[in-house]
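Encoded as structure tokens, the structure appears first; notes follow it.
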Amino acid sequence: MVRTRFAPSPTGYLHIGGLRTALYAYLFAKKNNGKFILRIEDTDQTREVKGAVDVIITALDKAGMKYDEGPIVGGDYGPYVQSERKQIYLDYAQKLLDSGDAYYCFCSKERLEELHKSGATKYDKHCLHISREEAEARIARGESYVIRQNIPESGSMTYHDEVFGDVTVDCKDLEDNILIKSDGMPTYNFANVIDDHLMGITHCIRGVEYLMSTPKYNLLYDALGWERPVYIHLQPIMRDATHKLSKRDGDAGFEDFLAKGFLPHAIVNYIALLGWNPKDNREKMSMQELIDSFSIEGLQKSSSIFDETKMRWLNSLYVKEMPLDEFHEAMKPFYDKYCPNKKVDYKYLSELLQPRVEVLSDVKDKAAFLDMFDMNADKPFDFELFNNKKWKTDVETMKLTIDDCIHVTEKYAGKEEFSEKLNAIAEAKGLKKGQLLWVYRIALTGAAATPGGGEEMVKLFGKGTALARLNKVKSAL
Ligand code: GLU
């Protein structure tokens with residue numbers, strides 16, 4: 001059975017690239033009726049952030065990727081948090097010490113720095129000659145040590161990657177990496193092998209940064225007599241031709257995009273296509289469609305550039321098809337943030353905005369019109385706004401029609417004949433419809449851009465406010 005895993009380090013943040021790695025592992029598992037496992041790689045305790053595991057679990061949940069085994073839900077291969085598996089790694093490290101595939105190293109930080117300064121590009125196997133007895137005596141005396149992998153000094157190693165093909169690395173380019181650190185914790189280089197094997201991972205899907213160190217992991221599989229998993233390394237997501245998307249630039253977090261008002265599935269859909277394609281140019285795809293079409297052959301060997309404009313477009317498609325109630329619920333935090341406590345019908349505002357926003361935070365600009373009219377000023381807004389070349393209209397049109405506008409609003413607001421009666425004013429005064437509608441809407445809002453025309457604005461603000469505003473304009477004309 002296919003078993004894949006997502007193995008994030010708990011940094012308190014889920015990078016969009018990490019989410020995509022998780023997604024491909026999820027899609028591949030689901031496509032093959034397999035299992036998708038979440039494993040927390042928290043052996044670097046200096047990087048540990050409180051609550052970070054929750055961030056990951058919540059993100060996967062929002063993204064619609066339900067894991068079959070992992071923290072909280074458990075499973076037959078737990079624990080799924082590496083810091084809880086310390087003894088397991090130590091036991092396997094002992095096996096490697098016994099077989100000569102690993103050795104104790106007592107080199108001080110100073111010696112390693114000296115070595116580095118002298119131009120060495122890797123550890124020089126200085127402690128390899130120390131006998132097991134001597135090493136154990138030094139450990140018993142309380143000396144600090146690490147356990148290193150013993151890598152052959154010559155020869156080369158080849159393995160097959162499903163995306164990159166055959167990858168060959170010279171052993172002389174590989175360092176005797178630390179497997180167990182001085183605090184007794186394993187490094188990634190060790191733990192990933194032990195866990196992938198013990199958790200029955202069949203396909204190892206991860207970032208390309210591990211492509212060249214995989215031969216080292218293979219040596220460990222071989223030393224322990226284990227079968228290697230299938231490897232699938234993924235190219236990073238780039239901000240532009242030369243820079244990766246990075247946390248530092250604030251343009252890479254799943255949560256950051258949610259906060260901007262991207263819908264979780266729109267993000268998932270977009271990143272699925274960054275590095276993989278379904279070969280039939282489809283762009284808008286549900287999770288089930290992604291699962292059904294996913295294949296390793298569709299993975300790209302080249303890196304892809306993140307295009308926020310494209311993701312906005314895809315998001316807008318999902319926004320448009322939401323049921324109004326759901327859209328309105330999703331908008332509430334954005335109303336609270338950008339336009340709280342306005343005297344308008346928010347539900348109706350949602351109806352007006354839904355076809356007009358691409359991401360939910362667009363409300364920041366789209367609802368700016370709510371603040372343009374000032375009842376307390378001598379003039380509620382700049383009357384220059386009445387002048388409009390396209391509609392060939394100006395403040396004179398307003399002067400000519402304001403009494404009729406007030407009358408029609410008073411009598412017909414909210415009724416079916418409203419728009420007909422408004423048009424009739426234009427006709428009676430020898431004006432074009434557009435000339436009147438422009439000034440009418442401006443008089444109600446003081447804004448050049450609004451989601452909808454006069455009729456919608458009366459409905460949004462209510463008849464009382466509409467009349468108060470028209471009368472205010474009249475008195476200031
Ligand atoms: N903890 C590793 C990382 O966050 C996981 C790499 C892997 O998937 O093997 O990069």
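Here are some notes:
- Among the cysteines of the chain, those with no neighbouring cysteine Cβ under 4.7 Å are 107, 171, 204, 339, 405.
- Only Cα pairs under 8 Å and 6+ residues apart enter the sum, and on that basis the relative contact order of the chain stands at 12 percent.
- Relative to the dominant Cα principal axis of the chain, helix 324-338 is inclined by about 90°.
- Contact order normalised by residue count of the range 363-469, Cα under 8 Å, 6+ apart, percent: 34 percent
- Rounded to 10°, Cα long-axis angle of helix 433-445 versus longest principal axis of the chain: 70 degrees
- Counting only alpha carbon atoms, the long axis of helix 463-476 and the longest principal axis of the chain meet at about 70°.
- Chymotrypsin sites (Phe, Trp or Tyr not before Pro) within the range 208-246, DSSP loop, no more than 15 other Cβ atoms inside 10 Å: 226
- If only the Cβ of Lys and Arg carry +1 and only the Cβ of Asp and Glu carry -1, the dipole of the chain around its Cα centre is close to 1680 debye.
- Shape call, the range 80-133: gyration tensor on alpha carbons, a/c limit 1.5: oblate
- The GluC sites (Glu not before Pro) of the range 152-242 that DSSP puts in a loop, and whose beta carbon has at most 11 other beta carbons within 10 Å, are 153, 227.
- Distance between the C-alpha centres of the range 109-174 and the range 368-402: 77 Å, rounded to the whole angstrom.
- Inter-part distance where the range 191-238 and the range 19-34 are each reduced to a Cα centre, Å: 16 Å
- Among 135-144, 236-245, the peptide with the highest mean count of other Cβ atoms within 10 Å heads the list, and the full ranking is 236-245, 135-144.
- Charged neighbours of residue 165, selected by a Cβ distance under 15 Å, balance to -3 (K, R count +1; D, E count -1).
- Segment residue 318-residue 68, extension gain: residue separation times 0.36 nm, minus the distance between their alpha carbons: 87.3 nm
- Of the GluC sites (Glu not before Pro) in the range 312-398, the ones in a loop by DSSP (not H, G, I, E or B) with at most 16 other beta carbons within 10 Å are 321.
- Shown for 265, 233: other C-beta atoms within 10 Å of each C-beta, ranked fewest to most, produce the order 265, 233.
- Cβ-based charge dipole, the chain, positive-most Cα from 295, 273, 81: 273
- Counting every C-alpha pair in the chain, the share spaced more than 36 angstrom apart comes to 49%.
- Among 434-446, 112-124, the order from most to least packed when residues are scored by Cβ within 10 Å on average: 434-446, 112-124
- Residue among 451, 406, 380 farthest towards the positive dipole end of the range 360-466, charges placed on Cβ: 451
- Pairs of alpha carbons in the range 93-184 separated by more than 23 Å make up 33% of all such pairs.
Taken together, the values in this text are just the output of simple stated rules run on the coordinates, not laboratory data. Small disclaimer: the values here were computed from a predicted structure and weren't measured. Backbone-built Cβ (ideal geometry, glycine too); neighbour counts: all protein chains shown.
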